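The values are calculated or read from the model by the stated rules, or taken from the named source; none is laboratory data. The model shown is predicted, which means the values in this text are computed figures rather than measured ones. We place every Cβ from the backbone using ideal geometry, glycine too, and count neighbours over all the protein chains shown. Surface accessibility is based on the protein's heavy atoms, side chains included, excluding ligands, DNA and RNA. Shrake-Rupley method; radii C 1.70, N 1.55, O 1.52, S 1.80 Å.
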Amino acid sequence: MGGPRLSTVVSSDGTTIAFDLSGEGPPIILIGDASQGRSDPKLVHLAALLARERTVLTYDRRDSIDRAGGSPNTLEREIEDLDVLLDAAGGSASVFGMSSGAVIALRAAAHGLEIETLALYEPPFMFDGALPVERIRFISVPTVVIVGERCHPRIRRAARALWAVLPDVQ
């Protein structure tokens, strides 16, 4: 099987996005938090585990430690980046988002990107008291929301709120 293979895609604004591709099987794209690039040890470990049964894409987000240059980061740009990665994965994929990566994954599903399933790890909603209910309540993608044992109580409340709003959540 070998290690990850480096590849690139070009987002709609011309920014080159580097990603690692590993494994074989149904595709899954991993989105780390704002500081995590594709070489982050947590993402590398998770990708290696998933690559036993899945094709895994991990990439450098626009603000990640591994990334230099490119257009300024906005949620819209991050969603555009995910869209070209979905194309690279064959047109659709499952998506795992960690922290702010979970926000990107959820908002991308709300925008109608070809996401088969969502896994959201500690999405940081409700720090300002507002869950974007009007944007996410119509997401029909099967979703799992995950919180760690030691997460902040606000994150746990955000997860419960998502469980209450999303129609197909576990």
Taking Cα atoms only, helix 100-110 is inclined relative to the longest principal axis of the chain by an angle, in degrees rounded to 10, of 80
Rounded to the nearest 10 Å², the accessible area of TYR121 using a 1.4 Å probe with every protein chain kept is 70
With all protein chains in place and a 1.4 Å probe, SER94 shows an accessible area in Å² (nearest 10) of 10
With Cα coordinates, the longest principal axis of the chain makes an angle with the long axis of helix 153-165, in degrees rounded to 10, of 80
Calculating Cα Rg over 2.2 N^0.38 Å from this structure picks out, from (i) 1.73; (ii) 0.97; (iii) 1.16, entry (ii)
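Note the full-extension length gain between VAL133 and HIS152 as 0.36 nm times their separation in residues minus their Cα-Cα distance, in nm to one decimal. Before the final figure, lay out each step's value.
Details: separation 19, 0.36 × 19 = 6.84 nm, distance 2.12 nm.
Between VAL133 and HIS152, full extension yields an extra 4.7 nm.
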Probe 1.4 Å, heavy atoms of protein chains only: per residue, the accessible area of the chain in Å² is 49
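Report, to the nearest whole %, how much of the accessible area of the chain belongs to carbon and sulfur atoms, 1.4 Å probe, protein only.
Details: 4340 of 8370 Å².
Roughly 52 percent of what the probe reaches on the chain is carbon or sulfur.
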Rounded to the nearest 10 degrees, the helix 75-88 long axis (Cα) sits at an angle to the longest Cα principal axis of the chain of 50
Expected unfolding gain across ASP13-GLU114 under the 0.36 nm per residue rule, minus the alpha-carbon gap, is 34.4 nm
Two pseudo-spin positions, 7 Å from Cα along C-beta at LEU49 and at THR74, lie apart in nanometres by 3.6
